[in-house]
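Peer 1: Can you keep this structure in mind? I'll have questions shortly.
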Amino acid sequence: MLRGADVHFAYGPGQAGLHGVSLDVGRGGLVGVLGPNGSGKTTLLRLLGGLLTPASGRITIDGRDVAHMTRRELARRIAIVPQETRLSFEYSVLEVVLMGRFPHLGPFELESPDDVTIARDALAATGTLALADRPYQTLSGGEKQRVIIAGALAQATDLMLLDEPTAALDPGYQIEIAALLRRVSADRGVTMVVATHDLNFAAGLCRDLLLLREGRVLASGPTAEALTRESVRALYDVEADVTFHQGAGHLTVVPLRRLRGTE
Amino acid sequence: MSLRRRMLITVAVFGLIAVAALVLAPLVGSAPISLRRAFDPSVPFADNADAQILFVSRLPRTLAAALVGAALAAAGVVFQALLRNPLATPFTLGVSAGAALGAILAITLPVSLAFAGVGAVPIASFAGALGAVAMVYVLSTIRRRGMSTSVLLLAGITLNAFFSALILFVQYMADFSQTMRTVRWLMGDLDVGSYAPILAALPFTLLAFAVFACLPRSLNLLTLGSDAAAARGVDVVRTQRLAFFSASLATGAAVSLAGPVGFIGIIVPHLVRLLVGSDHRLVLPASALFGAAFLVICDVAARTLIAPMVLPVGILTALIGGPFFLWLLIHKTS
């Protein structure tokens with residue numbers, strides 16, 4: 001449903017970008033984009049979400065070129081969850097989630113009771129309904145991220161792009177967010193692309209992986225096949241132990257030692 | 001309570017305050033006047049002292065105060081949303097100084113820039129504001145994540161110093177009587193003298209407010225940052241351009257009338273947010289109405305505090321706004 005074909009992008013001459021990235025995310029897919037810092041994960045997500053335009057190559061949703069869609073059209077198909085969302089003014093949690101209804105409203109239209117119902121349902125689905133009237137600023141990091149995900153749900157899209165959704169959170173919240181995303185994927189059939197550098201988070205959450213290094217695809221495929229001792233070495237220059245963890249129920253990666261210094 | 005009701009109540013309450021201020025302000029002043037005598041049809045207008053004071057002296061400056069207050073307060077709200085910083089205002093950003101430079105050039109230069117029946121001063125004032133805003137815009141686009149308070153304040157200081165130097169240069173080259181006139185105007189002065197300058201500034205203000213009316217919901221989303229706003233369907237670049245353009249227009253109109261009256265754009269939106277929250281569909285109209293009322297009341301104070309002398313209103317707003325700004329700087333910066 002979401003497809004990138006030979007996508008090239010550069011911020012500027014000499015700067016890191018993407019060099020011919022292709023991917024195909026099927027409906028209901030849950031794909032993790034893995035790679036070291038500066039590998040192009042965020043750039044890929046921004047391109048997929050239409051926030052950047054590829055220098056060459058095409059990005060399509062159900063065959064339609066993202067570059068030819070208006071912001072409103074795109075926002076009705078794709079929601080984006082960044083690593084961290086800070087507000088410059090004080091809004092209540094409900095107001096923040098209602099902002100997800102923007103692409104569904106006319107220029108001067110006010111949110112209807114239906115929109116409020118959709119927003120409250122989204123809050124309930126992320127376990128944050130009790131926070132509805134609290135000022136967003138007063139929430140903890142994990143609560144904020146769940147509220148932002150609720151906003152993405154209120155946007156009622158069938159695609160969700162998440163950029164390092166747990167990087168700013170402690171392990172407790174990481175587990176919580178992973179469970180929430182799995183539930184959203186299962187219950188609502190939302191197709192997800194999650195960029196992360198947390199191998200274990202990705203291994204626990206994603207059905208498929210795309211490994212990105214220096215703007216190129218190193219490997220892609222089902223998590224069980226793509227995540228190996230060899231691929232971790234190629235991705236991070238790290239010798240690691242990749243084993244199935246009975247308690248966690250998924251592959252886990254334990255980094256052992258660095259193979260060579262940073263370039 | 002539904003948003004529609006909150007909007008109606010907000011506009012009604014702040015509208016009432018603005019209307020009350022507008023109606024009562026002309027009746028107050030150093031010389032007591034009688035309404036009955038002012039409206040006495042048997043006395044010709046030229047001989048009617050009460051009517052003269054009311055319609056020639058007080059009403060024009062009250063109307064000018066309302067227009068300037070509304071424009072600067074609304075422009076403040078828009079700049080704050082755009083730059084994602086509650087300390088951004090036309091005055092602190094140096095936009096008022098840019099507008100003042102434009103206006104001073106139009107006042108001082110011997111050539112007439114007027115065209116199509118529109119006065120030269122508002123046009124030059126708008127051009128100056130737009131020039132300053134262009135610099136702020138470039139700075140803000142370089143910094144995608146919104147402007148930090150320190151960058152914003154430094155940019156404002158730099159622009160203010162730069163435009164002030166140019167203004168001083170123009171004054172230095174001008175003759176003495178002109179300098180006296182512009183010095184007083186630069187303090188922020190509502191002594192407009194007649195209705196003509198108000199009428200000249202009115203089309204600019206109305207156009208600015210027409211654009212403002214299209215912005216509130218997009219401004220709400222810009223609070224999340226430009227990427228997050230775009231991801232929710234906001235055409236960010238278009239919104240930014242419209243907002244910067246209309247805020248410059250409003251600032252230019254206000255400064256052409258009353259000089260760079262300071263701090264309205266920060267005091268008013270901040271007080272309004274305390275009362276109605278942050279939704280710009282409430283904050284923007286409420287700030288415009290409350291801004292009008294606030295400056296009208298400041299003008300009454302400026303006319304009566306050291307009567308019969310009239311204080312330039314900009315001195316008064318700076319005396320209130322300076323400490324207020326510092327208080328905000330201490331409490332609101334993260």
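The values are calculated or read from the model by the stated rules, or taken from the named source; none is laboratory data. Because the structure is a prediction, the values reported are computed rather than measured. Neighbour counts run over all protein chains shown; Cβ positions are idealised from the backbone, glycine included. For the accessible areas, the whole protein counts, side chains as well, though only heavy atoms, and no ligand, DNA or RNA atoms are used. Shrake-Rupley method; radii C 1.70, N 1.55, O 1.52, S 1.80 Å.
Peer 1: Working from Cα positions, state the angle (0 to 90°, nearest 10) between the long axis of helix B:59-83 and the longest principal axis of chain B.
Peer 2: That helix lies at roughly 10 degrees to the long axis.
Peer 1: Return a whole-number percent for the relative contact order of chain B, with Cα pairs under 8 Å and 6 or more residues apart as the contact set.
Peer 2: 32
Peer 1: Under the rule of at least 5 residues apart or a separate chain, name every residue whose amide H is placed under 5 Å from the amide H of A:Gly20.
Peer 2: Excluding prolines and chain starts, which carry no amide H, the hits are A:Val7, A:His8, A:Phe9.
Peer 1: Under the definition of partner shielding as Cβ atoms of other protein chains within 10 Å of a residue Cβ, what is the mean value for peptide A:65-74?
Peer 2: Per residue, the average neighbour count from other chains is 2.
Peer 1: Which ³J(HN,Hα) values, rounded to whole Hz and listed in residue order, are derived for the stretch B:210-224 from phi using the Karplus coefficients 6.51, -1.76 and 1.60 in 6.51 cos²θ - 1.76 cosθ + 1.60 with θ = phi - 60°, glycine and proline given as x?
Peer 2: 4, 5, 3, 4, 8, 9, x, 5, 5, 5, 3, 6, 5, 4, 7
Peer 1: Let me ask something additional. Using only the alpha-carbon atoms, how far is helix B:176-186 inclined from the longest principal axis of chain B? Give it as 0 to 90 degrees, nearest 10.
Peer 2: 60
Peer 1: Give me the summed buried accessible area for the B-A pair, 1.4 Å probe, to the nearest 100 Å².
Peer 2: 2500
Peer 1: Classify the stretch A:189-263 as rounded, prolate or oblate, taking a ≥ b ≥ c as the square roots of the eigenvalues of its Cα gyration tensor: rounded when a/c is under 1.5, otherwise prolate if a/b is larger than b/c and oblate if not.
Peer 2: It is oblate, given that a/c is not under 1.5 and a/b is not larger than b/c.
Peer 1: For the protein assembly as shown, what does -39500 (n - 2.57) per DSSP helix run (n ≥ 4), summed and divided by total residues, give at 222 nm, in deg cm²/dmol to the nearest 500?
Peer 2: Using -39500 (n - 2.57) per qualifying helix, the result is -17500 deg cm²/dmol.
Peer 1: Further, regarding this structure: Working from Cα positions, state the angle (0 to 90°, nearest 10) between the long axis of helix B:280-304 and the longest principal axis of chain B.
Peer 2: That works out to roughly 30 degrees.
Peer 1: Using a 1.4 angstrom probe on heavy atoms only, work out the carbon and sulfur share of the accessible area of the stretch A:2-258 in %.
Peer 2: About 51 percent, which is the carbon plus sulfur part of the accessible surface.
Peer 1: Now, a different point. Quick one: putting +1 on the C-beta of Lys and Arg, -1 on the C-beta of Asp and Glu, what dipole do you get for chain B around its Cα centre, in Debye to the nearest 20?
Peer 2: 1080
Peer 1: Okay, next question. Could you tell me which of B:Leu282, B:Leu67, A:Ser22 has its Cα farthest along the dipole of the protein assembly as shown towards the positive end, charges placed at Cβ (Lys, Arg +1; Asp, Glu -1), taken about the Cα centre?
Peer 2: Sorting the options by dipole projection puts first B:Leu67.
Peer 1: Sticking with this one: For chain B, modelled as a Gaussian network with Cα springs under 10 Å, which listed residue fluctuates most, B:Phe209, B:Phe176, B:Phe324?
Peer 2: Answer for the Gaussian network model of chain B: B:Phe176.
Peer 1: Between A:Leu212 and residues 5 or more places away or on another chain, which pairs have amide H atoms under 5 Å apart, with H built 1.01 Å from N, and which residues are they?
Peer 2: Amide H neighbours of A:Leu212, under 5 Å, 5+ apart: A:Leu34, A:Gly35, A:Leu218.
Peer 1: To continue, here is another question. Run through all the Cα pairs of the protein assembly as shown and give the fraction in each 10 Å bin from 0, expressed as whole percent.
Peer 2: Percent of Cα pairs in each bin: 3, 16, 23, 20, 15, 11, 7, 3, 1, 0, 0.
Peer 1: Please list, in chain and number order, the residues 5+ apart from A:Val81 or on another chain whose amide H is under 5 Å from its amide H, with Hs placed from the backbone.
Peer 2: A:Leu161, A:Leu162, A:Asp163
Peer 1: Please report the Cα spread of the stretch A:2-258 along all three principal axes, rounded to whole Å, starting with the longest.
Peer 2: Cα extents, longest axis first: 53, 44, 32 Å.
Peer 1: Per 10 Å bin from zero, what fraction in whole % of the C-alpha pairs of the stretch B:3-332 is there, up to the bin with the longest pair?
Peer 2: With 10 Å bins starting at 0, P(r) equals 6, 27, 34, 23, 8, 2, 0.
Peer 1: Here is a follow-up. Along the stretch B:9-16, what does the Karplus equation 6.51 cos²θ - 1.76 cosθ + 1.60 (θ = phi - 60°) give for ³J(HN,Hα), rounded to whole Hz, x for Gly and Pro?
Peer 2: 5, 4, 5, 5, 5, 5, x, 4
Peer 1: Can you give the longest stretch of chain A with no exposed loop site, where a site means trypsin sites (Lys or Arg not before Pro) in a DSSP loop (not H, G, I, E or B) with at most 14 other C-beta atoms within 10 Å?
Peer 2: Counting at most 14 other Cβ atoms within 10 Å as exposed, the longest clean stretch of chain A is A:28-259.
Peer 1: Also, I was wondering about something else. With Cβ to Cβ distances under 14 Å as the rule, what net charge do the other residues near B:Val272 carry (K, R +1; D, E -1)?
Peer 2: After counting each charged neighbour, the total is +1.
Peer 1: Shielding by partners for A:101-110, please: the mean number of other protein chain Cβ atoms within 10 Å of each residue's Cβ.
Peer 2: Mean shielding by partner chains, rounded to a whole number: 3.
Peer 1: So for the stretch A:2-258, averaging the separation of alpha carbon pairs under 8 Å that are six or more residues apart and normalising by length, what relative contact order in percent results?
Peer 2: Contact order relative to length: 25 percent.
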